[in-house]
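What follows is calculated from the coordinates using simple rules that are stated; it is not laboratory data. All values reported here derive from a predicted model rather than from experimental measurement. A quick note on method: Cβ atoms are made from the backbone with ideal geometry, for glycine too, and the neighbour counts reach across all protein chains shown.
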Amino acid sequence: CTASEEDMDRNNIKLKRRGERKLYLKSGDFVEFDCKIGYVQDPASSPFRVQCMDGTLEYPRCK
């Protein structure tokens, strides 16, 4: 999986680890996201700790 800046911008999120712009994960690995400044977690959002499954990440959303 690749956590891309474009996908994160679209969902108003950022990687929880500061300074990383793109992250590569193996299937089964976990990554954590936070809302960008000025945004709050969308109540309908998926969890902010996401597992890479077969090359796919389900991004959480902030609004």
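Need pairs with beta-carbon distance below 7 Å; first residue in contact (Cβ under 8 Å) with a residue 40 or more places away in the chain and within segment 51-63, second loosely packed, with under 12 Cβ neighbours inside 10 Å and of a type in the set (Lys, Arg); sequence gap 6+ or separate chains.
Matching pairs, first to second residue: Cys52/Lys26.
I need the full set of residues from segment 27-59 which are in contact with a Cys (Cβ under 8 Å, 6 or more places away or on another chain), of a type in the set (S, T, N, Q) and under 14 Å from Asn11 (Cβ atoms), in order please.
Result: Gln41, Ser45.
Of all residues in segment 39-56 being hydrophobic (A, V, I, L, M, F, W, C) and surrounded by fewer than 14 Cβ atoms within 10 Å (Cβ to Cβ), which is nearest to Cys1 (Cα to Cα)?
Step one: filter segment 39-56 for residues hydrophobic (A, V, I, L, M, F, W, C), giving 40, 44, 48, 50, 52-53.
So of that shortlist, the ones also surrounded by fewer than 14 Cβ atoms within 10 Å (Cβ to Cβ) come out as 40, 44, 53.
Numbers: Val40: 25, Ala44: 23, Met53: 8 Å.
Per the stated criteria, the residue is Met53.
Residue pairs, Cβ under 8 Å, 6 or more apart or interchain, first in segment 24-43 and without any contact (Cβ under 8 Å) to a residue 40 or more places away in the chain and over 10 Å from Cys62 (Cα atoms), second hydroxyl-bearing (Ser, Thr, Tyr) and exposed (fewer than 15 other Cβ atoms within 10 Å of the Cβ). List them.
Tyr24/Thr2; Leu25/Thr2
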